[in-house]
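For reference, the structure is listed below as C-alpha cells.
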Amino acid sequence: MTKLWGGRFTKSAEEWVDAFGASIPFDKELVEEDITGSLAHVKMLAACDIITKEEAETITKGLKTIRKKAQNNELEYSVQNEDIHLNIEKFLTDEVGPVGGKLHTGRSRNDQVATDMHLYLRKHTKEIMVVIKQMQLALLGQAEAHVETIIPGYTHLQRAQPVSFAHHLLAYFWMLDRDYTRLEDSLKRLNISPLGAGALAGTTFPIDRHYTAELLEFDGIYENSLDAVSDRDFILEFMSAASMIMMHLSRLAEEFILWSSQEFQFIELDDAFATGSSIMPQKKNPDMAELIRGKTGRVYGNLFSLLTLLKGLPLAYNKDMQEDKEGMFDTVTTVKGSVKIFTGMIESMKVNTDVMEKETHSDFSNATELADYLASKGMPFREAHEVVGKLVLLCIQKGIYLLDLPLEEYQQASDLFEDDIYEVLKPSTVVKRRNSAGGTGFEQVKKAIALGQEKFKQK
C-alpha cells in the first residue's frame, strides 16, 4: 500500500515496522477533534480563495459524512495510514475523490495534531472542572449535616485536638477549589491555536490563521510557528494540575480507608463502592478508595514521562512527540473517573456520629485547652504546657482521662484551676471556642459553608 507521503521513497517498511511507528491505535481518540479542525481549515481555505467554494462544499460534506460514521463506530482505521490525520484523509478521498487531497493545503500534520490536542484538552479540562464542582457540592452537603459532629483531629496520625467533622471535610473542599482554579487558569494558555503554523515555518499560501482560531473558539494564535508545533506546555500544565487533584483525592482516600476500618469505624462506605473477599465472607473492602489511591501513581508517571520526553528535544517537531498522547488520554480518563467515584462515595457514606463522639471523650485531645486555660489566667504558656503534661502523665498512670481527674488533683498542680475546668474540657466546648478566622469553631464552620456556597454562584 502506497503511503500518502511515499513519493520520495523507493522501499516500503515491513508490517511490523509500520505497526511500531503507527499511532492510530490510540490517536483515533482524536477523531472528533481532527474533523472539527479540518472543517474550520477548509472553510478558511475557501474564504481566502485558496480553493473554490464548490470544492470546499464537497470536502465539508465528505468530512461530515465521516464524522457521522465515526460517531456510529463505522470507521475501520488502518495501521498503514499511521495516524488519525492520514486515516481521515484517506476516508475523505475515498468519499469525495481527489479533491479531498486539497484539504491539506496550507497545513502539516504537525500543526494539525497540535490543534487536535488543544481542542481535546480544552473540552476535557472543562468537563473535569464540572465534576470537581460536583464533588465540592457533595462535600458541602455532608459538611452542612455535620457542623456539630466532632471528630478527633490528628497530627502524625496521633490524637491532637478535636475538630468539627464538617471542618475536616471542608479542608478538601478548599483543596478542590484550588484544583478548579488551576484548571481554569490553564485555559488561558491552552486555548491558543497552532493551526496554520505548518510543519515548522508557516506556509506560502495566503491563509488566515486568526479566522480559523475564531471558528474553533480559540482566544488567539501562537505567534511563532516553531513554538506552535513543538509546544506541549499546555499538556504538562494539565498533567501537573491533574497530579495535584489525584494527590488530594489520594489523601482523602487514605482517610476513608482508615475511617471505615474496624479500628476507627467513623464512617461506613456504601456497598456500591466496596467489594467482598473471595475467601473471607465477613469482609467489606474499600476497593474504590484504594484504587484511587493506587491510580494516583499512574497520573504522576504520565507527568514525569512527558517531562522526560521533552527535556532533550530540539525544535521543532520530533517523532518522540507521538508519545505525548497516551499519557494525556489516560490522565483525563483516570482523573475524571476518580472524581466521579469519590463524589458518589461522599454522598452515600454513613457517618457514625456516636462512635466519633465516644472517641473524642476517650483521649487527651483536650489537653491544649488546659494549657490555654492556665495561660489565660496569667501563667506563661511554656509553664502551663509543663503543668498539663504532668497532669496527662498522671491520668495515664491512673488509666483515666482529663475529664475524669478530680478537682483536688488539678488544684494541687495549680491553684489557678477552678471547677469550671470540666466545662472547658468538654469536646464540644473545645471545638466551639476555636472561633478564630478559618478555625474549627461551629460559627466559623458555618461561615465557611456559606462562603463555599457563594463561590458556586460565581462559577
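Within the stretch 79-103, restricting attention to residues that are over 33 Å from the mean Cα position of the chain (by Cα) and touching a residue at least 60 places away in the same chain (Cβ under 8 Å), which residue is nearest to D34 (Cα to Cα)?
Among residues in the stretch 79-103 that are over 33 Å from the mean Cα position of the chain (by Cα) and touching a residue at least 60 places away in the same chain (Cβ under 8 Å), the one nearest to D34 (Cα to Cα) is E89.
Look at the stretch 374-386 and say how many of its residues are surrounded by 13 or more Cβ atoms within 10 Å (Cβ to Cβ) and within 21 Å of P427 (Cβ to Cβ).
4
Identify all residues within the stretch 270-293 that are surrounded by 13 or more Cβ atoms within 10 Å (Cβ to Cβ) and among the aliphatic types (A, V, I, L, M); write none if there are none.
Scanning the stretch 270-293 gives A274, M288, A289, L291, I292.
Can you tell me which residue among V388, V339, V445 is within 17 Å of R159 (Cα to Cα), among the hydrophobic types (A, V, I, L, M, F, W, C) and modelled with pLDDT of 95 or more?
Unique residue meeting the criteria: V388.
Return the only residue of D324, D320 being of a type in the set (D, E), surrounded by fewer than 18 Cβ atoms within 10 Å (Cβ to Cβ) and not in a strand (DSSP E or B).
Just one listed residue meets the conditions, D320.
Looking only at the stretch 407-425, which residues are in a loop (DSSP other than H, G, I, E, B) and either within 18 Å of L393 (Cα to Cα) or in contact (Cβ under 8 Å) with a residue 40 or more places away in the chain (or both)?
Matches in the stretch 407-425: S414, L416, F417.
What's the total number of residues in the stretch 445-459 that are touching a residue at least 24 places away in the same chain (Cβ under 8 Å), surrounded by 12 or more Cβ atoms within 10 Å (Cβ to Cβ) and outside any loop (DSSP other than H, G, I, E, B)?
Here the count works out to 7.
Going by what's in this entry, would L249 be described as touching a residue at least 40 places away in the same chain (Cβ under 8 Å), assigned by TED's automatic domain parsing to the domain that holds D233 and in a loop (DSSP other than H, G, I, E, B)?
no
The values are calculated or read from the model by the stated rules, or taken from the named source; none is laboratory data. Because the structure is predicted, anything quoted here is derived from the model rather than measured. Note that we place each Cβ from the backbone using ideal geometry, even for glycine, and neighbour counts take in every protein chain shown.
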